[in-house]
Amino acid sequence: MTTRLSFALPPCLEAHEPPEARGVARDEVRLMVTHRASDMLVHTTFASLASSLDPGDLVVVNASATIPAAVDARDERDRPVVVHLSTWLDDGRWVVERRRPTATATERWRGPAGPEVLALHGGASIELLEPYGDGGRLWVARLALPAPTLTWLEAHGRPIRYAHVPREWPLASYQTVYATEPGSAEMPSAGRPFTAQLVLELLGRGVLFAPVVLHTGVSSPERGEPPYPERFRVPEATARLVGAVHGWGGRVIAVGTTVVRALETVADDDRTVAAGQGWTTLVVTPERGLGVVDGLLTGWHERDSSHLQLLEAVAGAELLDRSYRAALERRYLWHEFGDLHLILP
């Protein structure tokens, strides 16, 4: 990782609840706009996004919807466990994370080194079969449920929540207004501040929208681990629109690092994009660079997050360093309910 960011995030800059609970509308969160060509930093609100975009620009969003992926369980020694369902595999098994409940949320816990069966509500169970990846934290698991997984989760699951959010919030708090396809373990949060009214305003000004789908797994990159493979789909219409926008000189703005990952996975060296779906293992770094994404709307990330490699590929090291210093000085809020950062070329 080549970023030079080094900072300690004070707890007061963590967003502990949705902005609506703080008396702030979804689209009234703060927005920093950084311009790579001029090194200019602009401080505004998300509701003023239209002033930073031009007619003919394309905003690409992740239409994956958040699922209630956290469930309570008991291990073979009858100890309480919280299981986070990360992503489903092609053979029907799931990748899951086993965590220990705390007074307010959960904490990382590897538990026993070997396979075990975790008991769920109503006689259902999760059988941990083998470790997944090299981190030793995730497991490949077989679910034994009395109903289809998403149906069962609607009754017994809840949104994944970490210690910076001390109380539970309904699943609606973790959805974007354009989410259509359930599958993300954690909210693709860069798009949360959009409202239907703001989308209509942007469309009325000639800004275009197009969807991709990338189902996010658990937030392993927040502890310096590389991103795991994730399931994605780039529709034919979106691929064609990316090419058309570049053809007339418009900019392709990705809403979230998930959109960057999806688009760059199906991008060719000549900046063309083809429709595609499946699994992506792509890790965007400054050395790799970007092929088709011109700008990025994103949240604020921890200093040990692998997302910062991707951000440096978009912004460059100097501008990224300046923007994070400014965000700390001006007390922008971090995490999924926090403020936003728009990086433009």
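The values are calculated or read from the model by the stated rules, or taken from the named source; none is laboratory data. Please read these numbers as outputs of a predicted model, since none were measured by experiment. Cβ: placed from backbone, ideal geometry, glycine included. Neighbour counts: every protein chain shown.
Here are a few things to note about the model shown:
- Of the criteria (1) assigned to a loop (DSSP other than H, G, I, E, B); (2) in contact with a Leu (Cβ under 8 Å, 6 or more places away or on another chain); (3) under 30 Å from E201 (Cβ atoms); (4) not polar (S, T, N, Q), which one P68 fails: (3)
- Residues located in the range 56-80, provided they are hydrophobic (A, V, I, L, M, F, W, C) and out of contact with any Lys or Arg (no Cβ under 6 Å at 6 or more places or on another chain): L58, V59, V60, V61, A63, A65, I67, A69, V71, A73
- Qualifying residue in the range 123-131 (condition: outside the structural domain of L214 (by TED's automatic domain parsing) and in a helix (DSSP H, G or I)): yes
- Members of the range 159-185 that are more than 15 Å from the chain's Cα centre (by Cα) and either in a helix (DSSP H, G or I) or within 17 Å of V95 (Cα to Cα) (or both): L171, A172
- Scanning the range 109-136 for residues that are closer than 19 Å to T216 by Cα and in contact with a helix residue (DSSP H, G or I) (Cβ under 9 Å, 6 or more places away or on another chain) returns G133, G135.
- Count of residues meeting criterion [farther than 15 Å from P211 by Cα, in contact (Cβ under 8 Å) with a residue 60 or more places away in the chain and either touching a Gly at 6+ places or on another chain (Cβ under 9 Å) or in a helix (DSSP H, G or I) (or both)] in the range 236-282: 4
- Scope the range 118-128; condition under 12 Å from R98 (Cα atoms) and surrounded by 17 or more Cβ atoms within 10 Å (Cβ to Cβ); matching residues: L118, I126, L128
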